[in-house]
Amino acid sequence: MRLVAEHLEKRFGALTAVADISFSAEPGAVLGLLGPNGAGKSTTVSMLAGLMRPDRGTVRVGGATLGIGADPSKRHIGLVPQELALLDDLPTRMNLEFFGALYGIAGRALALRIDAVLELTSLSDRALDPPKEFSGGMRRRLNIACALLHEPQILLLDEPTVGVDPQSRNAIFGTIEALASAGRTLVYTTHYMEEVERLCDRVVVIDHGKVLADDTLQGLLARAPMPNLLNLRYDAPPDTAALAEIEGLAGITRVELSGLELSVAAVDLGTAAPRVLERLAARGFRCLELTSRRANLEDVFLSLTGRSLRDT
Amino acid sequence: MNSLTAFRALVRKDLALFLRDRRALLVSVITPILIAGFFGFLFGGSGDDSPVTRVPLAVVDQDASGLSKAIVADLGRDPSLAIVSMTREEAQERVGSGKLRAAILFSPGFGAAATEALAGAIAKPAVEVLYDPSQPLVRPIVEGLLTQHVMRQVTRDAKPVPFTIKNTAVSSGPQYNAYAHSFAGMTVQFILFMSIDAGVTLLLMRQQGVWRRLRAAPLSRFVLLGSRVVGTTMIALLIFTAVYLAAMFIFGVRIAGSVVGFAAVAVAFAILAATTGLMIAGVGRSVGATRGLSILAALLLVMLGGAWVPAFLFPEWLQNVSEFVPTRWAVDGLDAMTWRGLPFHAALLPVAVLLGWSVVFALIAVWRFDWEGE
């Protein structure tokens, strides 16, 4: 089911939290909403989830305009809030029974759905324990499970991995990828570029409540002012012929020599690095040190906003 | 159907969370029983055949005439007084230190002067009463009893007073039970405290994102807030039931009036408590400040409502003011149905007032509720 945001705008008094945001999320894909804290991501998610009415613009769920309150279109949406929105004192199964019942699911249907989401999030063996006894990662997984009970076609994940260990993060990524493979529409909000690079098919970069870029990951990386760089230090400076040969290799976009340091810009570091090393070695140059730097979304964000994601 | 399933789940969730919270159970059920038991004991217990509390009183007879001795002897036979003879200095010291409530002093020559004064021959002699200013109610009692005993002795040769006093405790119920009032007051107080917790919990749910998740579901405001009212009302009724079962089986409190009337007052007050919680959640912003201010407001409400000290002991202006306080109607309604033993129709006005306030509180809650705030 397609989720479309059209010119969303939201103000809180004098503060414009969301100025003009438009994008669409497609079934079977993960759309990343990337932006620093305070960029307007959570407000956007609130409008996408039907928690907040936009001052201007609309949200369309499978073609229908989304309202707030008891709007039936909300049944198609599952929200994973940034906070651990759980009832800590009630057993996990009771948590799931409660959140499932909010969507009108009851009886055997609810029991089956609970078993399914517990299986999906690897929590089946802890169904009788309350979340207050869980690790951070398990609580995050349960937080996701609660949003899946009513089998939403659209899943909004608002910073779902905050404060979890790498193992749990991988487990969460696995769940998200499985959901995307199953044809769900996923909107993933984060300020971790590594997560966007790992998960998202398409990325919407937001800052100050506006969309700065909306593209595939490769498309965004192509906008990076700094390309992938291979930095090599040799025992002697490569001569002009060697530099010309390197420049002529496929996928090499720039070659610069500074003393013993050779800097090579490449489209793909994985294929460029062995070729460069091989050609220079054949000419008798011995590489003393090799480092590489891959262009990333941080560079893209910096070029788009003039500030770093991590500064915020 | 979907909304009904959700409504039931929301109510069940509130009940489950309350019943699993041992601290809440302890505070809401055990504490009012203990405090009401203590206050009830202080204010006269179950009102059965327990002896009347005697006022400790000193007598200083510097006259030592036949009349003064007869009066002192008569005072000593009074069941409401505990008379001790002593010197003026001792009396002053013991009244001043609070060990005695008051002292009566018969000056030398009192007997002769009193007899002559009765005939109008000379000015009346003075009988001095020393009293503890912290016990202002004792002074008029002592004055009245003293007058009664002096006149009885002075006029003993004349015709006796042509009546006797027969004391009858007037209530429609079988017997006054101080526990009945104290349990009414403390139940009201602790249910109000529970309602504060319910309101603050809603604020916490907002902070912790649970509220966000509830609002993400296709549920109307009516379902979200209405289920909250029903859940809190049911918790209040659970507390009511538990506390009054203890009151009945341990402290002998009886619903001497209408059982239906008692239930109606209990339900009306439970609804009031639930809407109070909702109003707190609607008006409150930060959890800490809201909790503090709400407790202060609740204490004022129960104090003015006569939950601690019966409202009839208030000055008249305060009694009038307290009629605008909903807790006053709850306490009075419960008193009416328990120890006063009044019929069902006596519960109607308290129920109507409590429900009226509930509507006001609910409207304020809906008006002030910040739906979009996270």
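General observations
- The B:A119 and B:D78 beta-carbon pair, evaluated with R₀ = 30 Å, returns a calculated FRET efficiency of approximately 0.65.
- Relative packing of A:128-135, B:312-319, A:143-150, which averages over residues the other C-beta atoms within 10 Å, highest first: A:143-150, A:128-135, B:312-319
- Relative contact order of the stretch A:3-221, defined on C-alpha pairs under 8 angstrom at six or more residues apart (%): 32 percent
- Counted by Cβ distance under 13 Å from A:T216, the other residues give a net charge of -3, where Lys and Arg count +1 and Asp and Glu count -1.
- Three-way shape call for chain A based on the alpha-carbon gyration tensor, with the a/c threshold at 1.5: prolate
- The magnitude of the dipole of the stretch A:3-221, with charges of +1 and -1 set on the Cβ of Lys/Arg and Asp/Glu and taken from the Cα centre, is near 460 debye.
- Inter-chain Cβ neighbour average for residues A:49-61, partner chain, 10 Å: 2
- Sequence-distant aspartates and glutamates (8 or more away, or on other chains) whose Cα lies within less than 18 Å of A:K132: A:E83, A:D88, A:D89, A:E97, A:D165, B:D14, B:D21
- Dimensions of the stretch B:70-150 along the principal axes, based on C-alpha atoms and rounded to the nearest Å, stand at 39, 26, 21, largest first.
- Translational diffusion coefficient of the stretch A:157-211 (Stokes-Einstein, Kirkwood radius from Cα pairs, 10 °C, 1.306 mPa s): 132 µm²/s.
- For the stretch A:156-312, the C-alpha radius of gyration divided by 2.2 N^0.38 Å, with N the number of residues, is 1.31.
- Note on A:81-87: average number of Cβ atoms from other chains within 10 Å of each residue's Cβ is 6.
- Among the residues of B:9-17, the average count of other protein chain beta-carbon atoms within 10 Å of the residue beta-carbon is 4.
- Each of the peptides A:97-108, A:238-249 was scored by the mean count of other Cβ atoms within 10 Å over its residues; in descending order, highest first, they stand as A:97-108, A:238-249.
- Cα-based Kirkwood hydrodynamic radius, chain B, one decimal, Å: 24.3 Å
- For the stretch A:228-294, average projected area of the Cα convex hull in nm²: 3.7 nm²
- Inter-part distance where the stretch A:211-235 and the stretch B:302-374 are each reduced to a Cα centre, Å: 71 Å
- Long hydrophobic helices in chain B: the complete DSSP H runs spanning 30 Å or more by Cα along their own axis with mean Kyte-Doolittle hydropathy of at least -1.0 are B:178-207, B:221-251, B:259-283, B:345-368.
- Taken over the protein assembly as shown, the ratio of Cα radius of gyration to 2.2 N^0.38 Å equals 1.54.
- Cα-based shape type of the stretch B:168-293, given that a ≥ b ≥ c are square roots of the gyration tensor eigenvalues and the cut on a/c is 1.5: prolate
- Set of the stretch A:1-45 residues, backbone N closer than 11 Å to the point 7 Å along the Cα-Cβ line of A:K210: A:19-21
- Measuring against 27 Å, Cα to Cα, the residue pairs A:K41/B:K13; A:K74/B:K13; B:K69/B:K124 contain A:K41/B:K13 as the ones spanning a longer distance.
Quick note: the coordinates plus some simple rules give every number you see, no bench work behind them. A quick note: this is a predicted structure, and the numbers were derived from the prediction, not measured. Neighbour counts are summed over all protein chains in view; Cβ atoms, including those assigned to glycine, are modelled from backbone coordinates with ideal geometry.
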